[in-house]
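Worksheet for the structure shown next.
None of the figures in this text is laboratory data; all of them are computed from the coordinates on show. Keep in mind it's a predicted model, so treat the numbers as computed, not measured. Here the Cβ is made from the backbone with ideal geometry for all residues, glycine too, and neighbour counts use every protein chain on show.
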Amino acid sequence: MKKQRAATPHHLDWDELPSDDKFKRLAPSRKRLMDTVKLVSYRAETAMVNIVREELTREDDARSLVRDLFRTEANLLVSRDASELCVEVHSMSNARSNRAIAHLFTALNALELSYPGTNLKLIYNLLGTPHIQEHSSN
C-alpha cells in the first residue's frame, strides 16, 4: 500500500483530468459580478466591525464577533401598520458581546434604513437586553 501510495501522483494537470471531473469555470462577467458582491460584502462587514470596535477593549475580537452575529438566530417581525421590519437577534454568549452588538444596533437604527424594495423601516433589537429603540408591537 505504501508503494502504491508513493507512486500515486500528488498533483494532476488540468488536461489530464477526465472530462467528467472537470468543473465549468465561471464566465468572466459572472466572475466579476461575484467578485463585486464579495467586495461589497467585505466592506459592509468591515464598516460594522469598526462600529463594534468602539465598544471592545480588544479590537481583534470585533471581526469574529460580527461573524458570530451573522450566524446567530434572529426573528423577523413585520408590522405593516407601523411600516417596520423588526430584526430581533438572540442574545450573544456574554455581556461584553451583548454591549458591543447593542452599540452596533444603535448605530444601525440611527441610520433609519429601509428594507430594499419596500417602505419597511429596519429596526434592530437584541433579545434578552433592554430594547435599543422601542418599536410598535404587531
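Rounded to two decimals, the Cα-based Rg/Rh of the stretch 13-67, with Kirkwood Rh, is 1.32.
For the pair SER114 and THR36, label points projected 7 Å from Cα toward Cβ lie 2.3 nm apart. The ranking of ARG71, ARG53 from fewest to most other beta carbons within 10 Å of each one's beta carbon is ARG71, ARG53. Residues ASP20, ASP61 in ascending order of nearby Cβ atoms (within 10 Å, fewest first): ASP20, ASP61. Taking one equal scatterer on every alpha-carbon of the stretch 50-127, how large is log10 of I(q)/I(0) by Debye at q = 0.24 1/Å? Once normalised to I(0) and log-transformed, intensities are -1.12. Note on the chain: GNM, Cα springs under 10 Å; of GLU88, GLU16, GLU54, the largest mean-square fluctuation is that of GLU16. Debye sum, Cα scatterers, the chain, no solvent: what log₁₀ I/I(0) at q = 0.09, 0.10, 0.17, 0.21 1/Å? Debye output, listed in q order: -0.47, -0.54, -0.96, -1.29.
Remark: TYR42, TYR124, TYR115 ranked as TYR42, TYR115, TYR124, counting other beta-carbon atoms within 10 Å and listing the fewest first.
Report, in deg cm²/dmol and to the nearest 500, the calculated mean residue ellipticity at 222 nm for the chain, where each DSSP H run with n ≥ 4 adds -39500 (n - 2.57) and the sum is divided by the residue count.
Values: 4 runs with 59 residues, N = 138.
Here the helix-only value at 222 nm equals -14000 deg cm²/dmol.
Spin-label model, GLU73/VAL87: points 7 Å from Cα along the beta carbon direction are separated by 1.8 nm. Give the angle, between 0 and 90 degrees and rounded to the nearest 10, that separates the Cα long axis of helix 61-71 from the longest principal axis of the Cα atoms of the chain. Roughly 90 degrees, rounded to the nearest 10.
The stretch 1-60 and the stretch 112-129 have Cα centres lying 31 Å from one another.
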